[in-house]
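Computed from the coordinates by the stated procedures, all read-outs in this text should not be read as laboratory data. In this text, all values refer to a predicted model and were calculated from it rather than measured experimentally. Here Cβ is always computed from backbone atoms with ideal geometry, including for glycine, and neighbour counts include all displayed protein chains.
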Amino acid sequence: MLDVHDVTVAYHRKPVIWNIDLTLEEPRLVGIVGPNGAGKSTLLKAILGLVPLASGTVTFYGRPLSEQRKLIGYVPQRESVDWDFPVSVLDAVLMGTYGRLGWFRRPGANERAWARECLDRVGLADLERRQIGQLSGGQQQRVFLARALAQRAEIYFMDEPMAGVDAATESIIFDLLRSLRNEGKAVFVVHHDLRTVPRYFDHVVLMNMRLIASGPTGEVFTADRLQTTYGGRLAILEAAGEAVRSRSTGHDQL
Amino acid sequence: MISYNTLIVLIGTSLLGASSGLIGAYAVLRQRSLTGDALAHAALPGLCIAFLIVGQRSLPAMLFGAFLSGIAGIGVISGLRHWTRIKEDAAIGIVLSVFFGAGVVLSRLIQNRSDVGSKAGLESYILGKTAGMIAQDVYFIGGLSLGCLVIILLLYKEFQLVAFDPAFARVQGWPAFLIDLLMMTLIAVAVVIGLPAVGVVLMAALLIIPGAAARFWTERLGRMLLLSAAFGLSIGILGTFLSARYSMMPAGPLIVVVGTVFFLVSLLFAPRRGMIARSMQERRFRRQLGVRRLLQVFYEFIEPTLPDSTVVAYEDLFSRTFRTERELNSLLKALEADCLIEETERRRYRLTAEGLRRAAVEVRDQRLWDLLLREHPEHAVEIAHFDTDHFSKSLPASIVNQLENELKERGIYPQVLLGGRGED
């Protein structure tokens, strides 16, 4: 489905990610994991053509991005837009249909119905008339998700969709991702919470500027590979993890 | 009555106002307001140079010169930002003043030349002058304005998408950079055709004020654009009319004065986003909070003696609420008006049955909230947003149930709500 070959990205001639090779053959829920500054978002943007490649190629089903845009869904980081922008929740989701509409055509009744369906899937059906700034952080994240659904994509790319959302939204999001995978779609998710990785993803990409490993979660998400990815930082993370685990048992029962 | 000349000028300025209002709304949303101002100032030298080249007063040629030097100004701003360490605001400041200064010097040089000076009328481009417009000028300005309007109507969806989320637009395959460039070009056109009427110094006002004012009245882009165009149109017409009436006054400042009135009215009186509406919401919210807090204090004071006595003395309430007497009196009046308390004798108050139930609910919510913050802070994110909502409506029922059971186990669940009196 996706073939990333030897991709390097540089900002001001300073490489941020090096020689990344990545292939995905079948629908998977893929977690992209690594420390802060590892270039996870940059990798996503490189695949999507949002940052220029210093070298390498990206192909979708064997063809370049420019021919396959309709197959791609995108959920950017929530902070990347101005939420005071004067559009309603439904308007924002409708933007997902613009790619297929093409120049000059306005969204009509079909697009509206479809956008409502997408809103319903993320549990926001009754908020469609709200201005987007009047939503909570978790709801805004779900609007972005619904907009990506409205793209009718085959491969989804999501940049930290779980950042700063409440536990309820997080579980709604992951139920949705799982059902997308079951419908035969691939989903790439930049993820920062190591604790939930094994529970959520069936495929993991570990990276720290270069690719550490990519494969099924069971094979790749191992202690020594994490050690390679995080280096000395993992010790601190482990300590914090212990502390959290000792009291999060109550939370899991909720 | 209105003369033919005035009518021509009015039509010109109304089209001009409408298109700057419409395009300016995008400038405001795209946070390009200052760029528009720099563009207007940077247009002056081009205007003068075009006059020197053509050798006579020709509006299309001069405006084309203005357009080119305005664009050059924008180019210098983005060049300074990209290739040096100068920040955008400094770059805008530099370009704005340097280009404008050069423009003023050029216009003086031309003015002082005995052969062409009198024909140029370049001074009027600094503060604007509508009276001198002739029909041909108006056709030219009107034609360009109409062109801008048509493009904005056609590309409504594309402009909306790129203004809101350019990265998402690019992923969908839209040439976001080109669309953005077109938007910037339209802004430049709107600025340039406004120059003869409004002048370089104040043109930014006609670009920005209608959009900024329109944003107060609506939460929808389409309506904001319509309103902004309507504001721009009215500001243009009224300003021109006043300028024609008091012919010694340049049009630019009068147009800005009219615009200021529109803006101030929006700022103050717009429903929801206006300042008055906001401060009323704020007051209502604080008062609601005060009432709820007072009910809690009431309940906690009588809790040990329930169900026998529900009477509290004024002094006890006063010592626990940390409010001035005036505030407390007004809150008590509000509670009395809602039949939640009654004054049994002088300065002694009793909760009514309904008041007791409401107070118990408030106390329960407060305790649930405390418990949630202490035990499950990860859920707090979602609730903090719904400041006026009742606690139990903003969380999944399973969590509320669990928290309630915890309160009951600790024996701090309000007793009144346990006695089969029913919940809210």
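Between the range A:174-189 and the range B:337-378, what's the alpha-carbon centroid distance in Å?
Cα centroid of the range A:174-189 versus Cα centroid of the range B:337-378: 46 Å apart.
Kirkwood Rh over alpha-carbon pairs of chain A, then Stokes-Einstein at 37 °C and 0.692 mPa s: what D in µm² s⁻¹, rounded to an integer? Present the calculation step by step, with values, prior to reporting the outcome.
Details: Rh = 19.2 Å.
It comes out at roughly 171 µm²/s.
How shielded is B:169-177 by partner chains, expressed as the average number of their Cβ atoms within 10 Å of its Cβ atoms?
6
Which helices, counted as full DSSP H runs in chain B, have an axial Cα extent of no less than 20 Å and a Kyte-Doolittle average of -0.5 or above? Present the calculation step by step, with values, prior to reporting the outcome.
Numbers: long enough: B:4-29 (38 Å, 1.48); B:33-54 (32 Å, 1.63); B:59-83 (35 Å, 1.28); B:88-112 (36 Å, 1.26); B:135-154 (28 Å, 1.88); B:176-198 (33 Å, 2.47); B:221-245 (35 Å, 1.39); B:251-269 (27 Å, 2.47); B:275-302 (40 Å, -0.31); B:353-375 (33 Å, -0.52).
TM-like helix candidates: B:4-29, B:33-54, B:59-83, B:88-112, B:135-154, B:176-198, B:221-245, B:251-269, B:275-302.
Let me know the volume per residue of the alpha-carbon convex hull for chain B, in Å³.
Hull volume over Cα atoms, normalised by residue count, gives 229 Å³.
What residues from the range B:138-153 fall in the zone where the backbone N is under 17 Å from a label point 7 Å along the Cα-to-C-beta line of A:L101?
B:151-153
With unit charges on the beta carbon (Lys/Arg positive, Asp/Glu negative), name the residue among B:Q111, B:G73, B:A360 whose Cα is farthest towards the positive pole of the charge dipole of chain B.
B:Q111
Given the options B:I302, A:M209, A:S80, identify the residue whose Cα lies farthest towards the positive end of the charge dipole of the protein assembly as shown (+1 on Cβ of Lys, Arg; -1 on Cβ of Asp, Glu).
Comparing the listed Cα positions along the dipole, A:S80 ranks first.
For the pair B:A337/B:W369, report the inter-label distance in nm, with labels modelled 7 Å from Cα in the Cβ direction.
Distance between label points: 2.3 nm.
Hey, any idea what Rg/Rh is for the range B:93-220, computing Rh the Kirkwood way over Cα pairs? Write out the running numbers ahead of the final one.
Numbers: Rg = 18.4 Å, Rh = 17.3 Å.
That ratio is 1.07, to two decimals.
So for the range A:121-217, what percent of the C-alpha to C-alpha distances run longer than 17 Å?
So the portion of pairs separated by more than 17 Å is 53 percent.
Please compute the volume of the convex hull spanned by the alpha-carbon atoms of the protein assembly as shown and report it per residue in Å³.
Cα convex hull per residue, to the nearest whole number: 221 Å³.
Label points 7 Å out from Cα along the Cβ direction at A:A113 and B:S279: separation in nm?
For the pair A:A113/B:S279, the computed spacing is 5.1 nm.
In what order do B:H82, A:H191 fall by count of nearby beta-carbon atoms within 10 Å, going from fewest to most?
B:H82, A:H191
Just tell me, in residue order, which DSSP H segments of chain A are both 15 angstrom or longer along the helix axis (alpha-carbon based) and at least -1.0 in mean Kyte-Doolittle hydropathy.
Values: long enough: A:109-121 (18 Å, -1.28); A:137-150 (20 Å, -0.02); A:167-182 (23 Å, 0.31); A:233-252 (27 Å, -0.34).
Span-like helices, by this rule, are A:137-150, A:167-182, A:233-252.
Over the Cα atoms of the range B:169-277, how large are the radius of gyration and the largest Cα-Cα distance (Dmax), in Å?
16.1, 55
Using the Cα centre of chain B as the reference point, and only Cβ charges (+1 on K/R, -1 on D/E), how large is the resulting charge dipole? Debye, rounded to the nearest 20.
Details: 42 positive and 37 negative charges, 280 e Å.
The dipole of chain B has a size of about 1340 debye.
Over the range B:133-183, how many percent of alpha carbon pairs lie in each 10 Å bin up to the one with the longest distance?
25, 38, 21, 13, 4
Calculated FRET efficiency, B:R223 and A:D120, Cβ-Cβ r, R0 22 Å, to nearest 0.05?
0.25
May I ask which of B:K129/B:K157; A:K14/B:K87; A:K14/A:K45; A:K185/B:K157; A:K70/B:K157; A:K45/A:K70 have a Cα-Cα span longer than 24 Å here?
Distance filter (> 24 Å) returns B:K129/B:K157; A:K185/B:K157.
For the range B:171-219, rounded, prolate or oblate, judged on the Cα gyration tensor with a ≥ b ≥ c (square roots of eigenvalues), a/c < 1.5 rounded, else prolate if a/b > b/c?
Oblate, since a/c reaches 1.5 and b/c is not below a/b.
Compute the Cα gyration tensor for the range B:1-124, then decide on rounded, prolate or oblate, letting a ≥ b ≥ c be the square roots of its eigenvalues: rounded whenever a/c is under 1.5, prolate when a/b is larger than b/c in the other cases, and oblate in all that remain.
Working: a/c = 2.76, a/b = 1.24, b/c = 2.23.
Note, shape of the range B:1-124 comes out oblate.
If you take each beta carbon of peptide B:216-222 and count the beta carbons of other chains within 10 angstrom, what is the mean?
Mean partner-chain Cβ count within 10 Å for B:216-222: 4.
May I ask for the longest run of chain B untouched by GluC sites (Glu not before Pro) that are loop-located per DSSP and have at most 16 neighbouring C-beta atoms (other than their own) within 10 Å?
The longest such stretch corresponds to B:124-422.
Quick one: which residues, 5+ away or cross-chain, put their amide H under 5 Å from the amide H of A:A213? H built at 1.01 Å from N.
A:L206
Work out the length of the dipole vector of chain A about its Cα centre, built from +1 on the beta-carbon of each Lys and Arg and -1 on the beta-carbon of each Asp and Glu, and round it to the nearest 20 debye.
540
Given +1 on the Cβ of Lys and Arg, -1 on the Cβ of Asp and Glu, and no further charges, what dipole in debye does the protein assembly as shown carry about its Cα centre, rounded to the nearest 20?
Taking the Cα centre of the protein assembly as shown as origin, the dipole is about 1980 debye.
Under the classification rounded if a/c is under 1.5, otherwise prolate if a/b is larger than b/c and oblate if not, where does the range A:112-161 fall, given a ≥ b ≥ c as square roots of the Cα gyration tensor eigenvalues?
Verdict is oblate for the range A:112-161.
Figure the gain on full extension for B:Q415 and B:Q136 (residue separation times 0.36 nm, minus the Cα-Cα span) and round it to one decimal in nm.
92.0 nm
Considering only A:F104, A:A115, A:L135, whose Cα is most displaced toward the positive end of the charge dipole of the range A:1-142, charges sitting on Cβ of Lys, Arg (+1) and Asp, Glu (-1)?
A:F104
Packing-wise, with mean Cβ within 10 Å as the measure, how do B:191-200, A:72-81 rank, highest first? Numbers along the way, then the final one.
On the way: B:191-200: 30.1, A:72-81: 20.3.
Taking the mean over residues of other Cβ atoms within 10 Å, the ranking is B:191-200, A:72-81.
Hey, got the average number of other protein chain Cβ atoms within 10 angstrom for residues in A:95-103?
4
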